[in-house]
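The numbers here are math on the coordinates, done by the rules we state, and not lab data. Computed from a predicted model, the values in this text were never measured in an experiment. Note that each Cβ is placed from the backbone with ideal geometry, even for glycine, and that neighbours are counted across all protein chains shown.
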Amino acid sequence: MNELFDLIVVGAGSAGAVIAARASEDPRRSVLLVEAGPDYPNLETLPFDLVNSHNNSYSAHDWGLRYRPTAAGRPAPLPRGRVTGGSSAVNTTIALRGVPEDYDGWAAAGNPEWAWERVLPAFRRLERDLDFGDRPYHGDAGPITIRRYTREELTPVQQAWLETADELGFPRCDDANDPFGWGAGPHPMNKVGRLRISTAIGYLAPARARPNLRIQPNTLTRRILFEGRRAVGIEVERDGQVERLRARLVVLSAGAIHSPAILLRSGIGPADELSRLGVEPVHIAPGVGTRLSDHPALAVVATVRDPRLLDPDQPIVQTILRYTAPDSPHRNDLQVEAFSFSPRANQPLQAIAVAAVLEQVNGTGTLRLPSADPHAPPIIENHFCEDPEDRRRLRACFRDAIRFVTTGPLGALVDSLLFPDPGRELTDEALDRLLLRLAASGYHPCATAPMGPPTDPGAVVDQYGLVYGVESLAVADASIMPTVPRANTNLSTIMIGEMVGEWIRTQPARYGL
C-alpha cells in the first residue's frame, strides 16, 4: 500500500484498542489498528461467547496456544483472545488493580513515570465505578464500567465461601481496589448485567465514527519493516496474501506472547535466539522473552452434597480474598478465590474449586520461537515454583484453600475432596512436590519485553515504551511490565494503554510524530 499512516497499532486488545482510541482523538492523526482476529462493530453482531461475562470464552476466539507450567508438568492450553478487544473480550471480567507497591516498584527500577501517584489518574480515567466512583482513588465517567455483585446476587457457593472467610477470621473488604485494603469480598468486575465490557466496547465503539481511525481485522502481523534502524511499517498477511503497511510510528500491542514473538521475527532479541532462528539482527535485546512473569496457582477441588446448587449458566467467579503470606515482606501477595462450579471432562457437574494463587512472584520463565514462521506458536515455559520462597508462600495459600472447603458454611456444602487426595499426608515436602508438578498459570503473562533504564541490560523498552536501539517503534501492553503486579493483569494493561495513548496524543514529538 502507498498510504502512509501516522500510527499503526498492532493488536486491538486490552492496550491496543485504548491506544488507537486515545491517539485518534487528535483528528490530524491517521491511525490504523491491525487485529489478527475478527471484528464485530456493533452489539447486534457480537457472538454470545463474547457477550457472556459469566464465564470465559475458551475456544471460539482463541489463539490455541499451549504452555508448560513447570519442568515436570504437562503442556496445557494458554487462553489468549484473538478478536478486537483481545483478552478483555474473552476473560472473566475481573477488574482488579495491583497494590501501590507494584507500581512504585516499577518506578524504583528506573521507570519513574509509573509510580503509583502517576498511574492513579490513568486508572481513574479508564473506569466508571458504579459502587465507589465518588472516592478519590476511583473514577466515575470512564469507558470501562465496573461493579461488584451484591450479596443477594451471589451464587450459593460464593455466599458460603464469603461466610467461611468470616469464620476463618479474614476481614470483609467491600472494595478490593481500595489501594490499602485487604480481606474477602466481592470482585470488582467490568460488566453490565451479563455483558462483558471489553476495550472493544468501552473504547472502540465510540471511536469508530472517526474518519482518521481505521480498523483492519483478520490481519496477521508477520514482522516489523525497517530501513536501517528505523521502523517504517509492518508486513502482514490477510486472506493468504502478504502485504506491507507503512507508518511513521509502529506500536506493538499484540500482548505478552505475540509482541515479543513479532520482535524476534523482526530481528530484535537475544543474539543466540536470532542466530538460531536465522533472523538477521537489527538490535540485540537480551530481555526479549527471557523474563516471563506470571501467577502460579493450584486449586482444591471438591464434590458437593447437592449438585443442584451448581449451574454452568451461573457466574463462575464473584468473590476474592487478598491477603499476605506468613513472614512475607510483600503485602497482599496471596489470593484465594472460589469457582461456583468446576467442570470435569465427560462427567455431570458435581464439583466446585477454590484456587490458591501467588501474586508477587520471584521466579521467571521464558518465551522462545520454534522458527521464524509467523504461524508457528511460541514455546512458553514458566518454571513455576522453582524459587523456594515462591513455593513456601503458595504452599501456605494452598493450605488455606483446603481450610475453606473443610470449614464453616462452604465445608457444609462439600461431600468429599477430589484433590488433593484426603488419604495422603500433606507434609510440606508432599505439597512442594505437588506444586512443582501441578502448579498452573493464572493466565497473566507479562514482562516479556520489559521496560527499564538504559543501564538495565534486560530492558527492551524505555519507560515510554520506546524500543531501545531502533527508532519509530514502541511496545505498549503487558509485555513491558517489569514484573507481574499483585492482581489479575487486565486492568493494569488497560492502564498501560491509557498512559501510552495519552503520551502519543499529547507528546507526539517524543514518538517522532
Which one, GLY105, GLY133, THR493, projects farthest toward the positive side of the charge dipole computed for the chain from Cβ point charges (K/R +1, D/E -1)? THR493
For the residue pair GLU44 and ASN2, what label-to-label distance in nm results when each label sits 7 Å from Cα along the Cα-to-beta-carbon direction? 3.7 nm
Calculate one ³J(HN,Hα) per residue across region 52-69 by plugging θ = phi - 60° into the Karplus curve 6.51 cos²θ - 1.76 cosθ + 1.60, and present them in order as whole Hz with x for glycine and proline. 6, 7, 6, 7, 5, 8, 9, 9, 5, 10, 10, 7, x, 7, 9, 9, 10, x
Once R0 is set to 30 Å, what does the formula 1/(1 + (r/R0)^6) return for the Cβ-Cβ distance between ALA209 and THR506, expressed as a FRET efficiency to the nearest 0.05? 0.85
How much length would be gained if the chain were fully extended between ASP432 and ARG74, taking 0.36 nm per residue of separation minus their Cα-Cα distance, in nm to one decimal? 127.2 nm
What translational D, rounded to a whole number of µm²/s, comes out for the chain from Stokes-Einstein when the hydrodynamic radius is the Kirkwood one over Cα pairs, at 37 °C and 0.692 mPa s? 143 µm²/s
Amide H to amide H under 5 Å from SER30: which residues, 5+ apart in sequence or cross-chain, H placed 1.01 Å off N in plane? ASP6, LEU7
At 25 °C and a viscosity of 0.890 mPa s, what translational diffusion coefficient does Stokes-Einstein give for region 54-213, taking Rh as the Kirkwood radius over Cα pairs? Give it in µm²/s as a whole number. 136 µm²/s
Please list, in order along region 286-298, the HN-Hα scalar couplings obtained from phi with the Karplus expression 6.51 cos²θ - 1.76 cosθ + 1.60 (θ = phi - 60°), rounded to whole Hz, x for Gly and Pro. x, x, 5, x, 9, 10, 3, 10, 6, 9, x, 8, 8
Can you give me the angle between helix 156-167 and the longest principal axis of the chain, using Cα atoms only, in degrees from 0 to 90, rounded to the nearest 10? 70 degrees
Multiply the residue gap between GLU152 and PHE419 by 0.36 nm, knock off their C-alpha separation, and tell me the result in nm, one decimal place. 93.1 nm
What does the convex hull of the Cα atoms of region 386-443 come to per residue, in Å³, rounded to a whole number? 103 Å³
Integer Hz, Karplus 6.51/-1.76/1.60 couplings in order for region 113-129, x for Gly and Pro: 5, 9, 4, 3, 5, 8, 8, 4, x, 5, 4, 5, 5, 7, 10, 10, 7
Ranked list, fewest to most other Cβ atoms within 10 Å of each Cβ, for PHE339, PHE170: PHE170, PHE339
Packing-based exposure ordering (other Cβ within 10 Å, fewest first) of ASP49, ASP140: ASP140, ASP49
Check: the chain dipole with +1 on Lys, Arg Cβ and -1 on Asp, Glu Cβ, in debye: 940 debye
Projected label distance in nm at ARG276 and TYR58, using a 7 Å step from Cα toward the beta-carbon: 3.2 nm
For the residue pair SER371 and LEU168, what label-to-label distance in nm results when each label sits 7 Å from Cα along the Cα-to-beta-carbon direction? 4.8 nm
By count of other Cβ within 10 Å, fewest leading, how are SER328, SER416, SER198, SER342 ordered? SER416, SER328, SER342, SER198
The ratio Rg/Rh over the Cα atoms of region 300-394, Rh being the Kirkwood inverse mean 1/r radius, stands at 1.10
Which residues qualify? For VAL414, with a placed amide H closer than 5 Å and at least 5 residues away or on another chain, they are ARG305
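For ARG229 and THR455, calculate 0.36 nm times their separation in residues minus their Cα-Cα distance, and state this gained length in nm to one decimal.
Here the answer is 79.3 nm.
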Nearest 0.05, what FRET efficiency do ALA108 and ALA345 give at R0 = 51 Å with Cβ-Cβ as r? 0.65
Considering only the chain, percent of DSSP beta bridges that pair antiparallel, nearest 5: 70 percent
